[in-house]
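Student: My questions will all concern the structure given below.
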Amino acid sequence: MTDDADRGDAQATLLRLWRRSERPTRGRPSVLDIDSVVAAAVALADREGVANVTLANVAKDLGVTKMSLYRHIGSKPELLELMADFAVGDPPVVEPAGDWRAELTMLAEANREVLMRHPWLVELPLSGPPAGPHAVAWMDAILRTLRGTGLDWGTKGGVLVLVSGYVRLACAQAIQLAEGRRGSGLSQAQSEQAYGKGLAELIDPERFPDAVGFLTSLGAPDQAEDPEFAFGLDVLLDGVAALIDAN
């Protein structure tokens, strides 16, 4: 494929992401549009996993032919990009209160909720920077929390990448762990407690004293639902605070 073709495909995807590609047609109106196709694909991914999202399966759910989808969707990779932007939706409205850390924490937690609700999102490859209207809305919201910090645009962009990347990685790990304990009937805390207790009984506390101390602490009843996420986010934001203080 030539560079010109690649640029043409990218531009076509952008037009569809921003719903600028469809035009009224003569004759009988189409029963489909981009939103209906993408909504059906997202529902399929939520129900059966993103591996089962094919143009043929989406067409089957919609009761149309596969070829009819090409009036609205250029390709399978483009469909996945449209799905990701559709599923992530708009960020919550965060009223500016002069507390960048609280505002950024709220957005990070909201982003986590979205990814855990649509776990297939973390399986999608990152094809580039935010491009769709919902992704740009999240980008704008996160950058807005840093408006009064005095950080330059490059540093703000770095914070944006760090926070969004951390949330994605933490969710991917949580989803994989949940998949690993499927059928066990155990919560994450219970699973950690069983793991820690079982391993601590096998290893030599004189040789690995700190490991034993850590293992026996796992799954404590007073732990938060996802203490690792909150801890990691706090450490990350401590680094951002240090950057702001040094500015």
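The values are calculated or read from the model by the stated rules, or taken from the named source; none is laboratory data. As the structure is a computational prediction, the values presented were derived from the model and not from experiment. When we count neighbours, we look across all protein chains shown, and the Cβ atoms used for this are built from the backbone with ideal geometry, even at glycine. These area figures cover heavy atoms from the full protein model, side chains too; ligands, DNA and RNA do not enter into them. Shrake-Rupley method; radii C 1.70, N 1.55, O 1.52, S 1.80 Å.
Student: Farthest toward the dipole's positive end in the chain, which of VAL31, LEU243, ALA211, given Cβ charges of +1 (Lys, Arg) and -1 (Asp, Glu) about the Cα centre?
Tutor: Farthest towards the positive pole: VAL31.
Student: Continuing with the same structure: Leaving out same-chain residues fewer than 8 places away, which lysines sit with a Cα under 19 Å from that of LYS66?
Tutor: LYS76
Student: Relative to the present Cα-Cα distance, how much length would full extension add between ASN247 and ALA178 at 0.36 nm per residue of separation?
Tutor: Numbers: separation 69, 0.36 × 69 = 24.84 nm, distance 4.08 nm.
Gain in length upon complete extension: 20.8 nm.
Student: Just GLU113, GLU78, GLU95 to compare: in a GNM of the chain, with alpha carbon springs under 10 Å, which one fluctuates most?
Tutor: GLU95
Student: Any idea what the dipole of segment 110-247 comes to, in debye rounded to 20, about its Cα centre with Lys/Arg Cβ at +1 and Asp/Glu Cβ at -1?
Tutor: Roughly 560 debye, rounded to the nearest 20.
Student: Can you tell me the length gained on complete extension of the stretch GLU113 to VAL31, counting 0.36 nm per residue apart and subtracting the Cα distance?
Tutor: Fully extending the segment from GLU113 to VAL31 adds 26.3 nm.
Student: Related question: Tell me, what % of the accessible area of segment 38-99 is carbon and sulfur with a 1.4 angstrom probe?
Tutor: Carbon-and-sulfur percentage of accessible area, whole number: 56.
Student: (i) 17.9; (ii) 19.3; (iii) 21.2: which one is Kirkwood radius over Cα pairs in Å as calculated from this entry?
Tutor: Label (iii) holds the value from this structure.
Student: A further question follows. Once every DSSP H run of n ≥ 4 in the chain is given -39500 (n - 2.57) and the sum is divided by its residues, what mean residue ellipticity at 222 nm do you get, rounded to the nearest 500 deg cm²/dmol?
Tutor: It comes out at -20000 deg cm²/dmol, rounded to the nearest 500.
Student: Give me the percent relative contact order of the chain, please, defined on Cα pairs under 8 angstrom at least 6 residues apart.
Tutor: Relative contact order, the chain: 16 percent.
Student: Could I ask something else about it? Could you report the accessible area of PHE208 in Å², rounded to 10, computed with a 1.4 Å probe on the protein chains as they sit in the structure?
Tutor: Roughly 80 Å² of PHE208 is accessible to a 1.4 Å probe.
Student: Residues of the chain: accessible area per residue at 1.4 Å, in Å²?
Tutor: Details: 15030 Å² over 247 residues.
Ligands and nucleic acids excluded, the result is 61 Å² per residue.
Student: Return the carbon/sulfur percentage of the accessible area of segment 103-237, one whole number, probe 1.4 Å, all protein chains in place. Intermediate values should be presented prior to the final figure.
Tutor: Details: 4730 of 8070 Å².
Of the solvent-accessible surface of segment 103-237, carbon and sulfur hold 59 percent.
Student: Report ³J(HN,Hα) in whole Hz for each residue of segment 86-98, in order, from the Karplus equation J = 6.51 cos²θ - 1.76 cosθ + 1.60 where θ = phi - 60°; Gly and Pro get x.
Tutor: Per residue, the Karplus-derived 3J(HN,Hα) values read 5, 5, 6, x, 8, x, x, 6, 10, 6, x, 10, x Hz.
Student: While we're on this one: Using a 1.4 Å probe and ignoring any ligands, DNA or RNA, find the accessible area of MET106 and quote it in Å² to the nearest 10.
Tutor: Accessible area, nearest 10 Å²: 90 Å².
Student: Kindly write out, for segment 62-71 in residue order, the coupling ³J(HN,Hα) from the Karplus curve 6.51 cos²θ - 1.76 cosθ + 1.60 (θ = phi - 60°), rounded to whole Hz, with x marking Gly and Pro.
Tutor: These are the phi-based 3J(HN,Hα) values: 8, x, 10, 7, 4, 4, 5, 6, 5, 6 Hz.
Student: Still on this model: So, R0 is 22 Å and r is the distance between the beta-carbons of SER75 and LEU169; what FRET efficiency does that work out to, to 0.05?
Tutor: For R0 = 22 Å, the calculated efficiency reads 0.20.
Student: Give me the percent of Cα-Cα pairs in segment 124-247 that sit more than 19 Å apart, rounded to a whole number.
Tutor: Tail of P(r) above 19 Å: 63 percent of Cα pairs.
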